[in-house]
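Participant: Sharing a structure below in structure tokens format, with a few things to ask.
The values are calculated or read from the model by the stated rules, or taken from the named source; none is laboratory data. This structure is a prediction, so every number in the text was calculated from the model and none was measured. When we count neighbours, we look across all protein chains shown, and the Cβ atoms used for this are built from the backbone with ideal geometry, even at glycine.
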DNA sequence: TTGAAAGCGCTAACAA
DNA sequence: TTGTTAGCGCTTTCAA
């Protein structure tokens with residue numbers, strides 16, 4: 001692999017001139033440019049990103065932290081981040097933390113090491129102390145999950161309102177015993193969705209029954225199955241279930257079908273996220289549609305603005321209730 | 001962020017000595033080491049990966065190319081790659097190409113630029129010419145999809161045999177009109193699975209009916225729906241469907257349910273990959289289980305071996321037919 | 001055992 | 001418009 005020196009030599013110019021040609025920078029004669037470009041072509045030269053980065057202290061790489069790539073919720077967000085990044089001359093480095101602190105540290109350190117210009121975190125279980133400390137010196141954005149009143153700019157939706165609308169939809173259909181399958185309420189989104197659930201019930205003077213509220217540690221299908229299994233053991237079974245993620249809702253659906261009950265006639269189900277699977281289940285799943293692609297685009301735009309020194313504001317995007325067969329037979 | 005110079009100054013030694021301490025290299029007195037370590041701690045020093053990489057020409061980063069993160073098939077493979085990489089002191093850079101040549105180029109060039117030490121490609125639509133050319137100079141492994149008789153080492157399964165077994169399973173259940181939902185046969189895996197399908201039919205003296213063979217451009221659910229819709233229009237409907245991916249099979253299942261037919265009584269369905277969602281459908285999906293995690297581990301091991309200059313051999317892993325409700329009511 | 005110094009490939013400030 | 005040169009942060013050879 002040729003270096004800039006060799007190109008300069010072959011073209012009969014200085015390395016500075018080669019650098020200028022590479023960066024389309026000021027004032028190079030057409031003839032000089034031609035000579036350099038010929039040399040570049042002949043030697044098949046491609047500049048070393050490493051050398052350049054060391055010099056400029058920028059990598060044009062964006063770190064994207066997700067807890068797990070197996071949750072389809074992140075898929076569309078990442079597409080948004082990626083498209084926007086590439087459009088702006090950045091590439092992304094996608095890192096799965098598995099919510100493991102060590103793994104997260106490895107990746108977050110890349111930002112200190114100038115291996116990346118900034119980071120977008122989507123891990124609800126991220127070490128906020130570390131993230132806040134990094135955010136003092138480096139561009140960081142939180143996407144979807146965030147810290148209330150924190151210093152890190154975020155893009156998200158109104159989780160409380162979305163949950164409220166989902167539950168209200170069930171109430172309007174006549175349901176009174178509505179179960180909630182929630183995540184651990186140490187996560188902000190879980191607390192917010194819980195609040196929306198509570199608000200809807202209260203508004204319609206329905207009691208909040210603790211036996212109908214179930215918390216899961218993870219969002220995988222199996223945990224939805226597990227949750228539903230427990231809820232079906234309750235003396236007075238729920239007639240509807242609101243799960244805070246489609247993956248959980250799909251697990252619940254499976255378990256209801258398995259137990260011989262009918263969705264939505266015996267039990268109605270509402271999910272959250274509108275992942276692509278949610279339309280493949282039988283019956284298809286009523287869910288809250290998050291603007292995932294747009295959220296990704298927004299997060300990337302915010303981060304890039306932050307990288308180039310602009311001030312960025314928190315953004316709350318609109319969601320939508322998508323009514324399908326799992327609530328309306 | 002402190003640099004090595006400042007540490008050296010504070011410790012009253014040369015930068016070379018600091019470097020030696022950092023790399024646990026030969027012969028540093030305990031007392032010198034102590035001084036340096038104190039300085040490191042005081043200044044909160046972390047070495048610049050950029051400077052180091054420029055000097056050593058290695059990045060300890062592995063590029064992983066996937067066509068799309070939305071196909072859950074890749075999820076477990078990536079987990080395998082990641083675990084194995086981290087265990088060996090490498091991190092991975094996950095890149096989604098969307099089977100776009102430009103995007104692929106951006107990422108593949110990182111290998112020339114010494115931004116990564118090697119690459120694992122899982123994109124069936126990868127530009128083989130470019131990949132082969134890179135493979136001349138850099139460590140590259142293909143995972144799952146590969147080039148027959150090519151120069152790039154690969155890890156895969158026996159696609160022909162797997163498809164043969166899937167179709168044979170259907171034949172043994174009494175099916176004679178078995179549809180095939182395949183990808184574009186420009187992909188090797190698609191050709192191989194087609195061969196397995198053909199072999200099973202031939203072995204049982206069943207005719208290969210072109211009207212029961214459907215090719216899709218992509219693997220998303222919607223294409224499975226589309227395929228099934230066409231197959232249901234055939235005069236003599238198939239009594240079974242073998243799809244070359246679970247995503248397609250799930251789409252087919254959805255369409256069959258939608259049309260009022262019963263799985264497996266009216267039409268049996270077999271998928272391929274055993275993605276986690278395949279157990280959530282109603283009925284659950286009979287499928288071929290690929291050892292995805294192991295495949296990822298193997299690919300990573302092969303690549304790392306290749307990076308350190310060892311010779312690597314192609315590897316074919318075992319698969320398994322997982323019989324569930326979509327074929328056995 | 002330790003230090004001095006060269007150099008990885010590049011950019012940019014300054015000079016011509 | 002073009003060239004000279006310092007230097008980004010590190011490792012490693014050579015010498016002491």
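Participant: Among the residues of region B:81-117, what is the count of those that are in a helix (DSSP H, G or I) and facing chain A (nearest Cβ under 8 Å)?
Facilitator: Counting residues in region B:81-117 that are in a helix (DSSP H, G or I) and facing chain A (nearest Cβ under 8 Å) gives 8.
Participant: Considering (1) free of Cβ contacts under 8 Å to residues at least 40 places away in the same chain; (2) more than 25 Å from the chain's Cα centre (by Cα), say which one residue B:268 fails and leave the rest.
Facilitator: Condition (1) is where residue B:268 drops out.
Participant: Suppose we filter A:218, A:223 for residues that are surrounded by 16 or more Cβ atoms within 10 Å (Cβ to Cβ) and modelled with pLDDT under 95; which single one remains?
Facilitator: Residue meeting the stated conditions: A:218.
Participant: Then there's this: Could you list, in sequence order, the residues of region A:156-189 that are part of a helix (DSSP H, G or I), farther than 22 Å from residue A:237 by Cβ and without any contact (Cβ under 8 Å) to a residue 60 or more places away in the chain?
Facilitator: To start, the set of residues in region A:156-189 that are part of a helix (DSSP H, G or I) comprises A:159-172, A:188-189.
In the following step, the residues that additionally are farther than 22 Å from residue A:237 by Cβ were identified as A:159-162, A:164-165, A:188-189.
Residues satisfying the conditions are A:159, A:160, A:164.
Participant: Among (1) within 14 Å of another protein chain (Cβ to nearest Cβ); (2) more than 11 Å from residue A:179 (Cβ to Cβ); (3) part of a helix (DSSP H, G or I), where does residue A:260 come up short?
Facilitator: Residue A:260 satisfies every listed condition except (3).
Participant: Out of all the residues in region A:4-22, is one or more within 14 Å of another protein chain (Cβ to nearest Cβ), within 16 Å of DNA strand C (Cβ to nearest atom) and more than 28 Å from residue A:299 (Cβ to Cβ)? Walk me through how you get there before you give the answer.
Facilitator: Kept after step one, since they are within 14 Å of another protein chain (Cβ to nearest Cβ), are these residues of region A:4-22: A:4, A:22.
Among the residues that remain, those that are also within 16 Å of DNA strand C (Cβ to nearest atom) are: A:4, A:22.
Remaining after also requiring more than 28 Å from residue A:299 (Cβ to Cβ): A:4, A:22.
Yes, that holds for at least one residue.
Participant: For residue B:58, all conditions in the list (1) more than 10 Å from DNA strand D (Cβ to nearest atom); (2) part of a loop (DSSP other than H, G, I, E, B) hold save one; what is the number of the exception?
Facilitator: For residue B:58, the failing item is (1).
Participant: Look at region A:275-288 and say how many of its residues are assigned to a strand (DSSP E or B) and over 15 Å from residue A:243 (Cβ atoms).
Facilitator: Initially, region A:275-288 is screened for residues assigned to a strand (DSSP E or B), giving A:286-288.
From what's left, over 15 Å from residue A:243 (Cβ atoms): none.
Residues in region A:275-288 being assigned to a strand (DSSP E or B) and over 15 Å from residue A:243 (Cβ atoms): 0 in total.
Participant: Would you check which residues across region A:89-132 are at pLDDT 90 or above and touching a helix residue (DSSP H, G or I) at 6+ places or on another chain (Cβ under 8 Å) and list them? Before the answer, list the steps.
Facilitator: Narrowing region A:89-132 to residues at pLDDT 90 or above: A:117-132.
Within region A:89-132, A:117, A:118, A:119, A:120, A:121, A:122, A:123, A:124, A:126, A:127, A:130, A:131 qualify.
Participant: Quick check, is residue B:197 crowded, with 22+ Cβ neighbours inside 10 Å, free of Cβ contacts under 8 Å to residues at least 40 places away in the same chain, touching a strand residue (DSSP E or B) at 6+ places or on another chain (Cβ under 6 Å) and assigned to a helix (DSSP H, G or I)?
Facilitator: Details: crowded, with 22+ Cβ neighbours inside 10 Å: yes; free of Cβ contacts under 8 Å to residues at least 40 places away in the same chain: no; touching a strand residue (DSSP E or B) at 6+ places or on another chain (Cβ under 6 Å): yes; assigned to a helix (DSSP H, G or I): yes.
Here the answer is no, as residue B:197 does not meet what is asked.
Participant: Which condition from (1) within 9 Å of chain B (Cβ to nearest Cβ); (2) within 16 Å of DNA strand C (Cβ to nearest atom) is the one that residue A:70 breaks?
Facilitator: Tallying (1) within 9 Å of chain B (Cβ to nearest Cβ); (2) within 16 Å of DNA strand C (Cβ to nearest atom), residue A:70 fails exactly one: (2).
Yes/no per residue for (1) outside any helix (DSSP H, G or I); (2) within 12 Å of DNA strand C (Cβ to nearest atom); (3) under 26 Å from residue B:105 (Cβ atoms); (4) within 14 Å of another protein chain (Cβ to nearest Cβ):
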site	(1), (2), (3), (4)
A:31	no, no, no, no
A:37	no, no, yes, no
A:42	no, no, yes, no
A:54	no, yes, yes, yes
A:62	yes, no, yes, yes
A:65	yes, no, yes, yes
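Participant: Further, regarding this structure: I want to confirm something. Restricting to region B:10-29 and keeping residues that are within 7 Å of DNA strand D (Cβ to nearest atom) and in a loop (DSSP other than H, G, I, E, B), which single residue is modelled with the highest pLDDT?
Facilitator: Checking each candidate, the answer is B:23.
Participant: In region A:53-65, what count of residues is obtained for those that are surrounded by fewer than 22 Cβ atoms within 10 Å (Cβ to Cβ) and more than 12 Å from residue A:115 (Cα to Cα)?
Facilitator: Looking only at that region, the number is 1.
Participant: Checking residue B:77 against (1) under 30 Å from residue B:298 (Cα atoms); (2) away from chain A (no Cβ under 14 Å), which single condition isn't satisfied?
Facilitator: So the condition that residue B:77 fails would be (2).
Participant: Hey, does region A:66-83 have a residue that's crowded, with 18+ Cβ neighbours inside 10 Å and within 29 Å of residue B:55 (Cβ to Cβ)?
Facilitator: The answer is no; no qualifying residue exists.
Participant: For residue A:148, which of the numbered conditions (1) surrounded by fewer than 23 Cβ atoms within 10 Å (Cβ to Cβ); (2) under 17 Å from residue A:314 (Cα atoms); (3) within 12 Å of another protein chain (Cβ to nearest Cβ) fails to hold?
Facilitator: Going through the list (1) surrounded by fewer than 23 Cβ atoms within 10 Å (Cβ to Cβ); (2) under 17 Å from residue A:314 (Cα atoms); (3) within 12 Å of another protein chain (Cβ to nearest Cβ), residue A:148 breaks only (3).
Participant: Anything in region A:1-37 that is within 24 Å of residue B:137 (Cβ to Cβ) and out of contact with any helix residue (DSSP H, G or I) (no Cβ under 7 Å at 6 or more places or on another chain)? List them, or say none.
Facilitator: Within region A:1-37, A:3, A:9, A:22 meet the criteria.
Participant: Given the options A:308, A:322, name the one that is more than 14 Å from every other protein chain (Cβ to nearest Cβ) and over 30 Å from residue B:248 (Cα atoms).
Facilitator: Only one candidate passes the filter, namely A:308.
Participant: Of the residues that make up region B:232-242, is at least one surrounded by 22 or more Cβ atoms within 10 Å (Cβ to Cβ), at pLDDT below 95 and within 23 Å of residue B:67 (Cβ to Cβ)?
Facilitator: For region B:232-242, residues surrounded by 22 or more Cβ atoms within 10 Å (Cβ to Cβ), at pLDDT below 95 and within 23 Å of residue B:67 (Cβ to Cβ): absent.
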